[in-house]
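Every number in this text was worked out from the coordinates using simple rules, so none of it is lab data. The shown structure was predicted, so the numbers you read here are calculated from the model rather than taken from an experiment. All Cβ positions, glycine included, derive from the backbone under ideal geometry; neighbour counts span all protein chains shown.
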Amino acid sequence: MSTTMFTPQQTQAPMPQPPRVISTKDASYLKDALSWELLAFKKLHFFAQQATDPQVKQALEKAGQMHQRHYQKLLSHLQVNNAQAMAAIPQTQAQQQQQQMQ
């Protein structure tokens, strides 16, 4: 009897652009990621200020700047008018009827 190992493979390519609408779950993930990036930036900035070796200081500053760029990029994804984006998405007939009843 032979055993076959299952190796998961990534079948989806990364999204080239973020979705037009951010779900509550997506917003929660982005909020967490923002917190992590900000914390990493603050820690690296603090350690860079404490470093006496110029090479270490430069490496810490470079890593901190990377986290700052990531923070800014994530923040830009949150600057979406979600209500306007949701209105632009085509709705099914059932969804339209449900809105009319409200």
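Tabulated data
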{"item": "Sequence-separation-based contact order of segment 24-86, relative, with Cα cut under 8 Å and 6+ spacing, percent", "result": "39"}
{"item": "Calculated FRET efficiency for the pair A87/M66, C-beta based, R₀ 35 Å, to 0.05", "result": "0.45"}
{"item": "Per-peptide average of other Cβ atoms within 10 Å, ordering 54-66, 37-49 highest first", "result": "37-49, 54-66"}
{"item": "Nearby lysines by direct alpha-carbon distance to K62 (threshold 22 angstrom, same-chain neighbours under 8 apart not counted)", "result": "K42, K43, K73"}
